[in-house]
Amino acid sequence: MIEGHISCGKMGLTDDTGKRCPLLPCSIPNITNTSMQQQQQQQQQMVDHASTYTMDEALLPMGFGKFQAFLLAYSGMGWISEAMEMMLLSFVGPSVQEIWKLSAQEQSLITSVVFVGMLIGAFSWGLISDIYGRRMGFLFTAIITGVAGFLSAFAPNYIALIVLRFLVGIGLGGGPVLSAWFLEFVPSPNRGAWMVVFSAFWSIGTILEASLAWAVMPKMGWRWLLALSSVPSFLLLLLYGFTSESPRYLCMKGKTTDAMQVLEKMAKWNHVSLPSGTLVSDHTCVPDENPASSAGLDSITIQRHDTNTDDSESKRGGITSLFRLLSRKLLRTTLLLWMVIFGCAFAYYGIILLTSELSSGNKKCSSNKLHLKSDGSGLYKNVLITSLAEIPGLFIAATIVDRIGRKLTMSSMLFVSCILLIPLVSHQKEVLTVGLLFGARMLISGSFTIVYIYAPEVYPTSTRTTGVGVASAVGRVGGIVCPLVAVGLVHGCHQTAAVLLFELVILLAAVAICFFPFETSRRYLLDSVRNIK
């Protein structure tokens, strides 16, 4: 990195107040010569900067046009696929348990094994996408998810179903690759709002799955539900040929020619022009943080960063990328992010499974325990109602995420959801119980959405999908543990203990958010670990 500041006047003889610099007579010629060289170097850097532009500077005039709209629809379809495959667990588990006479632990394993697969997939696909490209990552995730999901409908026994759902989980683990891929095409000013719109496809998927289950399960059974839920993954494969590799990723890898081709395609689709000059891998022009400073050369620091080091390290394998997540500059961010995403995943899936279990009822428990209707229609109705809660949650998140920032939005939503869950520690009427679960899911889904916006923003391009993938894998651990808690405690007539555990996890996640190192709203995406201060 080259930095230059002119601090003692343009000739090195006077400072900003007009006083002469304290130089010894014998050293004046050398110091003056050095200062003049610094000035010439800065001027040359300014000229170089004027004739070059970065990826963020190229994306700004693009806005959000037809090209990004197509990417939004494509990546959103992937998010719908993941949501549907996750939501169907709420319906398939109870149905299979009744048909195959499974125990509560065996039923829980159908859900937990998916999360185990997602843990492995999230860890693996993130590394693959940072090394071989984003498109390579989500291509194989779509193949595995679609094929294994469809074959699950023909599972002849419990073991076969467990194996196939495990493979589905491995494919679903690549979901964060799609979000990071889409993120890298969006300009910074409204990036948060558009990422919330992207996340809305998850809510669409949950609503579609709840509606599909209501229409299919009573008449056609769980096998048809599994087969129809795999359709979005096959749509991803059909449209794969129309997608483009992330130009930011290509630029980071030194493939600026390929990156320029993608940018030119984007500009053509959006009917705009690219900035004049040459695309560079990574340079920034940072204004002096003192607002009273002059507007000339004295107030500008030109920085150039070479990302080849990060690129060469990433080619050595995934181990380097993993170690970089725990480096001095990223350690605090990584650990806090793991804690938050674990808490959000645990709470989100806990609310879904808790709604399903309470709606199914438990005859072993006495009537004074917390429960909803026990008939089949109550299950579909209550899950659909709480799924609709994600729509206002996303609307609230989209409205405030770019205004008050990621950190404040996430923490406030989690704190309020804690308050809403407090009454559920005791028996409540069905209407109030569903209403409280509706509000809690609304806020938890909103915060869960934003943490998946913050995660790729806080990591540099060189390790972005690895960081998001590993964080997502940690979240899957929360998903693995959650069914055992939600199903196990409810079946054991310990609903109050389950609610209190959710309260504790959510509260710890909200506190951890407050300690995140910096806000990412309206900031350019980082390309290298070197850029992090």
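The values are calculated or read from the model by the stated rules, or taken from the named source; none is laboratory data. Because the structure is predicted, anything quoted here is derived from the model rather than measured. All Cβ positions, glycine included, derive from the backbone under ideal geometry; neighbour counts span all protein chains shown. For accessibility, only protein heavy atoms count, side chains too; no ligands or nucleic acids. Shrake-Rupley method; radii C 1.70, N 1.55, O 1.52, S 1.80 Å.
Side notes on the structure shown:
- In order along the range 469-482, the Karplus-derived 3J(HN,Hα) couplings, from 6.51 cos²θ - 1.76 cosθ + 1.60 at θ = phi - 60°, round to x, 5, 4, 5, 4, 4, x, 5, 4, x, x, 5, 6, 4 Hz, and Gly and Pro are given as x.
- Spatial offset of the range 431-463 relative to the range 467-481 amounts to 14 Å, using the alpha carbon center of each.
- Neighbourhood charge, 12 Å Cβ-Cβ cut-off, centred on GLY192 and excluding it, Lys, Arg +1 and Asp, Glu -1: +3
- When GLU519, GLU184 are compared by accessible surface with a 1.4 Å probe, the order from highest to lowest is GLU519, GLU184.
- Ranking of ARG248, ARG523, ARG403 by solvent-accessible surface, largest first: ARG403, ARG523, ARG248 (1.4 Å probe, protein heavy atoms only, all chains present).
- Debye, to nearest 20: dipole size of the range 98-243, +1 on Lys, Arg Cβ, -1 on Asp, Glu Cβ: 140 debye
- Phi angles of the range 210-215 translate, via the Karplus equation with coefficients 6.51, -1.76, 1.60 and θ = phi - 60°, into HN-Hα couplings of 5, 5, 5, 5, 4, 7 Hz per residue; Gly and Pro are given as x.
- Other-chain or far-sequence residues with amide H under 5 Å of LEU279's (modelled H): TYR53
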